[in-house]
Amino acid sequence: MQLKTSTSQLREYLETKQGKTYFIAIMTLITVAVMLVFAIVPAIKSITDKIAQNEVRREYLNALTDKEKNIKELLIQEEQSQAQIQFLESSLPSKRNDEYILANIGEIAEQNNAYLFNADFSEDSVATIESDVESKKRLKQVPLTISVQGTIPSLGAFMKKMEEFPMPFVVESMIYGNKDVRSQNLPANRGDSLLVMKINYYYYEDVTE
Amino acid sequence: MVQKKGFNLLKTQVEPQTIWTKIYKWTTTTARAIMVLVELIIVVAFGFRVVVDLQFKNFNKDIAVKEEIMSVLQESETRLRSTQDRIALYEQLWRNTPYFSNVYLEVSKIIPLTVEELNIQIVNGEITIRGFASTETIATIESGFKNSSLFTQTELSNIESQGNSTDSFVIKSKLNNLPMRSEVLF
């Protein structure tokens, strides 16, 4: 009964000029809303989604292009810097090479009127240096104890040359003086002093080789 | 032939519009305009979509080509990265490691050759000197260390008479301002 009354009231209202105008306006609004929801918004959304995907691809492509350019430039630099790279290879070798180190320290000692009579190489380990280089775990240190006989000045010259050597020998500790030459019955003609140094030498374990 | 002309002064009697007449009129005017506008937008959107799809296709094609190039360059890249890392680490080894030759030279200047049974230890930034020398020489060594800028907190920690002209001594000091290798050599 209530519903019937409401329907007839609505019909009467719609028969009025104001009712007709409002009805048409509501119809227009509904149509516009339906068109927006089911036609325009999906069309625009599909385009904006595709544009976003294109943007991601554009950035990726630019990054690849930059990377390619950088690598090509670096390859040219590498080609032009072969001498320096060879120097680096000998100064920070890619493999442990105790014989090479021994030969060099022996040669440095000899050039400075000192005599290398003992060298003791220990097990290598990951180098303990502070660095933010990504592959620093591949830098290995080899502890080495060397005993060199000579005079105080010649041992000083030996040490200076060793620290200036392109291969970075890092001194951990040292003991020297004229006490041990006699106590260890070392030949006096090689000098009255003995230098015992604990040093580290380094190599970079290269996985690309 | 003469045409008969006439006129009508009566107002046209228009039947009042029902709701269905209004809807019909709305369908043929406003709704049609909306539909045309929406279709126009859809057509333009379709055109855009075609262009954007073409761009997408081209990007994919270009990326595939670049990835192919990068896969060829990958070995070189690994080698170059390795070289760069090695250079950086080598530089840091030079930059962050101490240079002891200056200390050795300074100690050699301070301690005269007359000191017997000399033993010098440099461990963990601390230097210990042991030996036998006259009291004056020991005093000279002590003051030499105290006056040197390379050492600090110098102390004569032990002196013992040997019953002759020489005394045994132990001097301890700490290394001060130990230069880094790169500061001295470059």
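Would you mind getting the Kirkwood hydrodynamic radius of the range B:121-166 from its Cα pairs, rounded to one decimal in Å?
11.7 Å
Percent of Cα-Cα pairs per 10 Å bin, from 0 to the last occupied bin, for the range B:1-58, please list those.
17, 19, 17, 17, 14, 8, 6, 2
Work through the residues other than A:VAL56 whose Cβ is under 14 Å from its Cβ and net out their charges, Lys, Arg +1 and Asp, Glu -1.
-1
With the Cα gyration tensor of chain B in hand, give its eigenvalues times 5 under a square root as the equivalent ellipsoid semi-axes, listed largest first in whole angstrom.
Equivalent ellipsoid semi-axes, largest first: 109, 26, 13 Å.
May I have the convex hull volume per residue, in Å³, for the Cα set of the protein assembly as shown?
Cα convex hull per residue, to the nearest whole number: 377 Å³.
For the range B:66-107, what are the per-bin percents of Cα-Cα distances with bins 5 Å wide, up to the bin holding the maximum?
With a bin width of 5 Å, the distribution comes to 6, 19, 12, 13, 11, 9, 8, 7, 5, 4, 3, 2, 1.
Dividing the convex hull volume of the Cα atoms of chain A by its residue count, what figure in Å³ per residue is obtained?
Dividing the Cα hull volume of chain A by its residue count gives 283 Å³.
Report, to two decimal places, the Cα Rg of the range A:95-168 normalised by 2.2 N^0.38 Å (N = number of residues).
Dividing the Cα radius of gyration by 2.2 N^0.38 Å gives 1.25.
Using the alpha-carbon centroid of each, what span in Å lies between the range A:123-169 and the range B:45-113?
First find each Cα centre; the distance between them is then 26 Å.
Taking the Kirkwood radius as the inverse of the mean 1/r across Cα pairs, report the Rg/Rh of the range A:15-89.
Value, to two decimals: 1.69.
Using a 1.4 angstrom probe, figure out how much accessible area the range B:13-110 has per residue, in square angstrom, rounded to the nearest whole.
65 Å²
Compute the accessible area per residue over chain A, keeping the other protein chains in place, probe 1.4 Å, unit Å².
Heavy-atom SASA per residue in chain A reads 59 Å².
Ignoring ligands, DNA and RNA, what percent of the 1.4 Å accessible area of the range A:1-92 is carbon and sulfur?
65 percent
Per the 1.4 Å probe, what fraction of the accessible area of the range A:102-199, in percent, lies on carbon and sulfur atoms?
Ligands and nucleic acids excluded, carbon and sulfur reach 46 percent.
Restricted to Cα positions, what overall size does the range A:29-137 have along the principal axes? Three whole-Å values, descending.
For the range A:29-137, the Cα extents along the three principal axes come out at 103, 33, 18 Å.
Starting from the Cα-Cα distance between B:GLN121 and B:THR21, subtract it from 0.36 nm times their residue separation and give me the gain in nm to one decimal.
Result: 24.6 nm gained on full extension.
Mind listing P(r) for the range B:26-102? All alpha-carbon pairs, 5 Å bins, whole percents.
3, 11, 8, 8, 7, 7, 7, 6, 6, 5, 6, 5, 4, 4, 3, 3, 2, 1, 1, 0, 0
For the interface of chains A and B, what total accessible area is buried with a 1.4 Å probe, rounded to the nearest 100 Å²?
Rounded to the nearest hundred, the buried surface is 6700 Å².
Where the only charges are on Cβ atoms (+1 Lys, Arg; -1 Asp, Glu), what is the dipole of the range B:70-172 about its Cα centre, to the nearest 20 debye?
It works out to roughly 400 debye.
Local charge sum around B:MET180 (other residues, Cβ-Cβ under 14 Å, Lys/Arg +1, Asp/Glu -1)?
Result for the neighbourhood of B:MET180: -3.
The values are calculated or read from the model by the stated rules, or taken from the named source; none is laboratory data. These numbers come from a predicted model, not from an experiment. Ideal geometry is used to build each Cβ from the backbone, glycine not excepted, and the neighbour counts take in all protein chains shown. Note: areas computed on protein heavy atoms with side chains; ligands, DNA, RNA excluded. Shrake-Rupley method; radii C 1.70, N 1.55, O 1.52, S 1.80 Å.
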